[in-house]
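**Q** Submitted below is the structure of interest, expressed as structure tokens.
Rule-based calculations on the coordinates, nothing more; no lab input. These numbers were taken from a predicted model, which means no experiment stands behind them. Glycine also receives a Cβ, built like all others from the backbone with ideal geometry; neighbour counts cover every protein chain displayed.
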Amino acid sequence: MDPTRVGVIGSGAVGRALAAGFAAHGHEVTIGTRAPEENDDLQAWAAQHDRVAIGTFAGAAEAGEIVVLAPRGTAVEAAIQTAGPQHFAGKVVIDATNPLAPDPATGGPGLAVGHTDSGGEIAQRALPDARVVKAFNTVNNALMVDPSLPGGPHPMFIAGDDDAAKQAVAELLADVGWKAFDVGGIEQSRQLESLVLLWVAIGRARGAYDHAFTLVTPSS
Ligand SMILES: NC(=O)c1ccc[n+]([C@@H]2O[C@H](COP(=O)([O-])OP(=O)(O)OC[C@H]3O[C@@H](n4cnc5c(N)ncnc54)[C@H](OP(=O)(O)O)[C@@H]3O)[C@@H](O)[C@H]2O)c1
């Protein structure tokens, strides 16, 4: 993909991994945090990354031609309201979040919404003028950009209602070492988000969290 401007809403491990990764691939990135002037740790981090500026959530959303949602999963609506939904209008929005909440039954994470709704659908409803594509939510942040995995590029499952937006995300994914696999409309976020619970269960069984899903078919 030609160099573009990417706004990243969220300054945690995912926001930083994607911001640094997209910048390393030539894009101009603004990473958003709620109180930039108070976030000394993020300022120190950004000082070590060319082409990454720090802004508010609104500043990052406004700056990006493509905007990434990477706040805490149950805070997506709040983050969008803080950023200003008008700053997303007409844009491709990548939703990398998972609406995780504690599940006492497993002692691990569960989903705050699922089966009949999803974080991806919540984001799309909150941004009716934007084109939301679920992506990156099924892999560890350490593998999101240029993953060191044998036999790649591996599939990155994506979902969304707008084909052109999914094509743009597929191009971005190809640049960072993934092959997009389109599983359907934004409602398929229900499946992609629940896949993360399996990813966590596998991690607990392995005692390591450096795995990712792939797809095997008779012709692969
Ligand atoms: N960690 C992973 O490897 C991984 C992999 C795939 C998907 N995910 C998903 O990606 C998302 C981000 O995960 P993460 O580990 O990077 O960070 P996180 O700790 O889940 O979230 C950190 C970000 O959320 C923002 N935030 C927290 N509470 C908020 C609120 N009430 N309103 C608005 N924003 C709020 C923080 O804002 P400030 O910057 O202002 O503090 C910060 O930018 C999550 O949904 C997670 O499930 C994570």
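**Q** Could you tell me the convex hull volume per residue, in Å³, taken over the Cα atoms of the range 152-197?
**A** 59 Å³
**Q** Also, I was wondering about something else. Separation between the His49 and Arg34 pseudo-spin-labels, each 7 Å from Cα along Cα→Cβ, expressed in nm?
**A** Label-label distance for His49 and Arg34, simple model: 2.0 nm.
**Q** Measuring from centroid to centroid over Cα atoms, what is the spacing of the range 64-120 and the range 125-201 in Å?
**A** 14 Å
**Q** Another one. In what sequence do Asp95, Asp163 fall when counting other Cβ within 10 Å, fewest first?
**A** Arranged by neighbour count, lowest to highest, Asp95, Asp163 become Asp163, Asp95.
**Q** By DSSP, what percent of the beta bridges with both residues in the range 81-176 are antiparallel, rounded to the nearest 5?
**A** In the range 81-176, DSSP labels about 60 percent of beta bridges as antiparallel.
**Q** With only alpha-carbon atoms counted, please give the Rg and Dmax of the range 19-114, in Å.
**A** Radius of gyration, then largest Cα-Cα span, for the range 19-114: 14.9, 44 Å.
**Q** Another question, if that's okay. Would you mind checking which residues have amide H under 5 Å from Gly110's amide H? H placed 1.01 Å from N; only 5 or more apart, or other chain.
**A** Ala101, Asp103
**Q** State the antiparallel share, in %, of DSSP beta bridges confined to the range 7-111, rounding to the nearest 5.
**A** Taking every DSSP beta bridge with both residues in the range 7-111, the antiparallel ones total about 20 percent.
**Q** Spin-label point model (7 Å from Cα, Cβ direction): what's the Ala174 to Glu77 distance in nm?
**A** For Ala174 paired with Glu77, the spin-label model returns 3.7 nm.
**Q** Taking every eigenvalue of the Cα gyration tensor of the range 109-193, multiplying by 5 and rooting it, what semi-axes result, largest first, whole Å?
**A** Output for the range 109-193: semi-axes of 22, 16, 10 Å.
**Q** Would you mind checking the range 89-121 for residues with the amide N under 20 Å from a putative spin-label position 7 Å along Cα→C-beta of Phe181?
**A** Under 20 Å, as judged by backbone N against the label point of Phe181, lie 95-98, 120 of the range 89-121.
**Q** Let me ask something else about it. Report for the chain the percent antiparallel among DSSP-assigned beta bridges with both residues inside it, nearest 5.
**A** 20 percent
**Q** Turning to a different aspect of this structure: At q = 0.09, 0.12, 0.18 Å⁻¹, work out log10 I(q)/I(0) for the chain with the Debye formula, treating every Cα as an identical point scatterer and leaving solvent out; two decimals please.
**A** Here the Debye-derived log intensity ratios amount to -0.32, -0.59, -1.38.
**Q** If amide H atoms are built 1.01 Å from N in the plane of the peptide, which residues on other chains or at least 5 residues away come under 5 Å of the amide H of Gly185?
**A** Gly160
**Q** Given the -39500 (n - 2.57) contribution per DSSP H run of 4+ residues, what per-residue ellipticity at 222 nm results for the chain, rounded to the nearest 500 deg cm²/dmol?
**A** It lands at -10000 deg cm²/dmol.
**Q** Using amide H atoms built 1.01 Å from N in the peptide plane, name the residues 5+ places from Gly55, or on other chains, whose amide H lies under 5 Å from its own.
**A** Under 5 Å from the amide H of Gly55: Ile31, Gly32, Thr33.
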